[in-house]
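The values are calculated or read from the model by the stated rules, or taken from the named source; none is laboratory data. On a predicted model such as this, the values are computed, not experimentally measured, just so you know. FYI the Cβ positions are ideal-geometry reconstructions off the backbone, even for glycines, and counts take in every protein chain you see.
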Amino acid sequence: MIRVLALLLLCAAPAAAEVWPQLYDVTGVAADDVLNIRAEPDAGAPILGTLAPDARGVEVIAEENGWGLVNTGEGAGWTSLRYLALHDIGPALLAPRLSCGGTEPFWDLDLVPGETAQFDLFGDKGPVHAASGLQRAYGTPIGMAFTATSGAARMTGMIEARDCSDGMSDRVYGISLGLLVEGAGDNSGHYMGCCSLQAD
């Protein structure tokens, strides 16, 4: 049976502090228009991409002078926070979902709050499943550890809100993850990677 061994919230931000990243929904954009993503936090900067007028769960990594840094394609750009409203994740959720990954070797970890953590090492025979029970602190994980087990497999992770690079693209991440997997055969090992907040 899957069971959580431990959950530790290591630090918390003051309630009034702005904490990044956060999830937003596009608002105030006409149905036949788009919200531009620009190369710099400036209305005259070149357009790198767009967000649909009904886009939801857009991850904003950082803020500068009323502009939010978001990922687009294999890079990142800036969009006006004037057209973004804080995403309502709902009172039942303790945290938004986290999608994490890393390279050398390639791996993924999906954390579903209060439910499961699924680790996949590409090229191996199967995932490691475990409960996570993550909590949320003022909009984003800002420093928390989790330990979870599934059978003989044990995962211990440290999540921090800090700049992170995937080493392959110009995408920007605001959450890093250090993960130790034990008792999982060829999947066992220490992994370092980056995470994104997910709305679903």
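Tabulated data for the structure shown
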quantity	calculated
Every residue from region 147-184 that is crowded, with 16+ Cβ neighbours inside 10 Å, polar (S, T, N, Q) and touching an Asp or Glu at 6+ places or on another chain (Cβ under 9 Å)	156, 176
Matching residues, region 182-200, being more than 26 Å from residue 171 (Cα to Cα) and either out of contact with any Leu (no Cβ under 7 Å at 6 or more places or on another chain) or modelled with pLDDT of 90 or more (or both)	182, 183, 184, 185, 186, 188
Hits in region 34-92 - residues which are part of a loop (DSSP other than H, G, I, E, B) and basic (Lys, Arg)	56
Close pairs (6 angstrom Cβ cut-off, 6 or more residues apart or separate chains): of a type in the set (Phe, Trp, Tyr) in region 160-176, part of a strand (DSSP E or B) and crowded, with 19+ Cβ neighbours inside 10 Å anywhere	173/164; 173/194
Subset of region 1-54 (residues that are within 23 Å of residue 85 (Cβ to Cβ), among the hydrophobic types (A, V, I, L, M, F, W, C), surrounded by 15 or more Cβ atoms within 10 Å (Cβ to Cβ) and modelled with pLDDT under 95)	13, 19, 20, 23
